[in-house]
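The values are calculated or read from the model by the stated rules, or taken from the named source; none is laboratory data. What you see is a predicted model; the values in this text were computed from it and never measured. Cβ placement follows ideal geometry from the backbone for every residue including glycine, while neighbour counts extend to all protein chains displayed.
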Number of protein chains: 2
Amino acid sequence: MSRYTVKQLARLSGVSVRTLHHYDEIGLLRPAFIGENRYRYYGREELLRLQDILFHRELGVPLQEIGELLARDGRDRVAILSRHRALLAGRIESSRQLLRTIDRTIAQLNGEGTMDDQDLYHGFAPAKQAEYEEWLVDNYGGEAMRERIETGKQQWFKAGPEAMQAALASGEAAERALAEQFAGGTGADSTGLDPLLDRHRAWVSQMWGRECPREGYGGMADMYLAHPDFRTHFDKHGEGFTDWLTTAMKAYAARRAS
Amino acid sequence: MSRYTVKQLARLSGVSVRTLHHYDEIGLLRPAFIGENRYRYYGREELLRLQDILFHRELGVPLQEIGELLARDGRDRVAILSRHRALLAGRIESSRQLLRTIDRTIAQLNGEGTMDDQDLYHGFAPAKQAEYEEWLVDNYGGEAMRERIETGKQQWFKAGPEAMQAALASGEAAERALAEQFAGGTGADSTGLDPLLDRHRAWVSQMWGRECPREGYGGMADMYLAHPDFRTHFDKHGEGFTDWLTTAMKAYAARRAS
DNA sequence: CCTTGACCCTCACGCGGCGTCAGGGACTAT
DNA sequence: ATAGTCCCTGACGCCGCGTGAGGGTCAAGG
């Protein structure tokens, strides 16, 4: 039949011999039997189990958990796999955002297009940006607001492409962190969100070039709601994320105001 | 101006205080200045650098390399970023394959559809499978081949959905490993590919239920070439991968025959 | 002015998932 | 018998921090 030594199994499965030793040590994958010479011998069954292990390992599941997981029966495993599926889907979406960020960075480092041509509001066409600025001016603070926006833009240009880039990436990261809370079922009014909203507000502050006050931050929420582009953008993180986020932002602003 | 303590910077950037200590220790991110009380104080510049660091960290770049990377100037960085971009794109594609694998696994564990309805040839419609089998029978070994295929299928069903699943995932992993070599510029006739092709052949053997002989493995290459579906499938890993892979398979089979 | 509580510091150990020796048997082929 | 390739068992090292312990510092309120 099939009888593999460590090296053979290693080649067939693509892992190292040391890894097989390790899996034996921690009891995750034991040899089918051990020779008198203390050699480890594996059979077809172990090969299949190993493949199952590697499958879960690629998903980022800790080895310990993989062991427990493989000991369960089908019912449970479906539930667990579904969770992993959701996590993986999230990671893929994040990675795609990262890809876009990289492309922007490269474009900027190559000096292709100034910031006006790029997307200050991450992912939206330049023509739209003016529209959003108008909206902010119309709905909040008039000239004071306009001045604030200009200040932000200038600081922005002064800092150079790499700084712009870093800041944009940071904003996306903050967004994703919030999206994870949303996906995890955290309530939009939870005070546990404060650190994450702090972070998001800090990012907005950077865009503006100075501290973003509470009512301003609450105002952003309204802007997000008023423009369908934002809804499209945010709902990529999951259906309903836009509503959840804006609710959270307003609740946070209200808490801070008191 | 802006003067942040460790905790403040941690909140704004989403990392832990310990991480900031660590980055200071290894010289990756030093505070703007240190107070007489030995407190670390960071400024806006450090915030930006930190964001830049986190951006690269998300790409999986080791901290050491991030440090060296940030010390370079724009020209080099574009090249490096491009490499990272390619790697990330590859990872995304792998993850999407994994997603599909998970979906199949879940479907199978739920008992939705027997294996006949599923894709034995990973990713192709059931109707196609019969076609491929016919092709193999017509071009290689006639009845002997047909019997071999049936043997494989039976062992397949007997093993149950999870084993099928594990084997499928393993095949995809082997495929990806080869695709990485292709992307890295390895020649299709390199003997260094032997372990990876061993692995792939071992997978094919599993599908067949017994050892896959050399001429059979070479035959698979012809089948891949004869059916455009395979080309479509393999070329997802990069344009020209199908040709490269089939060449490699034949070279390997020839080597083994000698 | 003193207390409280939240912050700050510096060691220093631990962990996961192995890689990588070192030192020594076992098997196979010539 | 000799060489070459495999196998074994320790044991230490690495990265990127988490998680204490043990002790100073600061801002606000009583």
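One line per residue, one yes/no per condition, for (1) within 13 Å of another protein chain (Cβ to nearest Cβ); (2) under 20 Å from B:Ile92 (Cα atoms); (3) crowded, with 17+ Cβ neighbours inside 10 Å:
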position	(1), (2), (3)
B:Trp156	yes, no, yes
B:Gly160	yes, no, no
B:Leu168	yes, yes, yes
B:Gly171	yes, yes, yes
B:Ala174	yes, yes, yes
B:Glu180	yes, yes, no
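Give just the number: which of (1) facing chain B (nearest Cβ under 9 Å); (2) within 10 Å of DNA strand C (Cβ to nearest atom); (3) of a type in the set (Gly, Ala, Ser) does A:Ser94 not satisfy?
(2)
Give me the residue from segment A:125-156 that is modelled with pLDDT of 65 or more and in a loop (DSSP other than H, G, I, E, B) and, out of that set, nearest to A:Ala169 (Cα to Cα).
Result: A:Tyr140.
Which of the residues belonging to segment A:49-64 are away from DNA strand D (no atom under 16 Å from the Cβ) and in contact (Cβ under 8 Å) with a residue 12 or more places away in the chain? Steps first, please.
Looking only at segment A:49-64, we keep the residues that are away from DNA strand D (no atom under 16 Å from the Cβ), and these are A:49, A:51-59, A:61.
Answer for segment A:49-64, where residues must be away from DNA strand D (no atom under 16 Å from the Cβ) and in contact (Cβ under 8 Å) with a residue 12 or more places away in the chain: A:Arg49, A:Gln51, A:Asp52, A:Ile53, A:Leu54, A:His56, A:Leu59, A:Val61.
Restricting attention to helices (runs of 4 or more DSSP H) lying wholly within segment B:1-90, give those where 3 or more residues are within 26 Å of A:Arg91 (Cβ to Cβ) and at the interface with chain A (Cβ under 10 Å from one of its Cβ atoms).
Working: elements: B:6-13, B:17-25, B:44-58, B:63-71.
In segment B:1-90, B:6-13, B:44-58 are the helices (runs of 4 or more DSSP H) which contain 3 or more residues that are within 26 Å of A:Arg91 (Cβ to Cβ) and at the interface with chain A (Cβ under 10 Å from one of its Cβ atoms).
For segment A:29-48, which residues satisfy the criterion of being within 14 Å of DNA strand C (Cβ to nearest atom) and buried (at least 18 other Cβ atoms within 10 Å of the Cβ)?
Within segment A:29-48, A:Leu29, A:Arg40 qualify.
Consider B:Pro213 carefully, then state whether it is within 22 Å of B:Arg148 (Cα to Cα), over 21 Å from the mean Cα position of the chain (by Cα) and free of Cβ contacts under 8 Å to residues at least 40 places away in the same chain. Give the derivation first.
Values: within 22 Å of B:Arg148 (Cα to Cα): yes; over 21 Å from the mean Cα position of the chain (by Cα): yes; free of Cβ contacts under 8 Å to residues at least 40 places away in the same chain: yes.
Yes, satisfied.
The conditions are (1) at negative phi; (2) within 12 Å of DNA strand C (Cβ to nearest atom); (3) loosely packed, with under 12 Cβ neighbours inside 10 Å, and A:Arg72 fails exactly one of them. Which is it?
With respect to (1) at negative phi; (2) within 12 Å of DNA strand C (Cβ to nearest atom); (3) loosely packed, with under 12 Cβ neighbours inside 10 Å, A:Arg72 is out only on (2).
Within segment A:1-44, track down each residue that is on the phi > 0 side of the Ramachandran plot, modelled with pLDDT of 95 or more and more than 11 Å from DNA strand D (Cβ to nearest atom).
Within segment A:1-44, A:Gly27 is the sole residue that qualifies.
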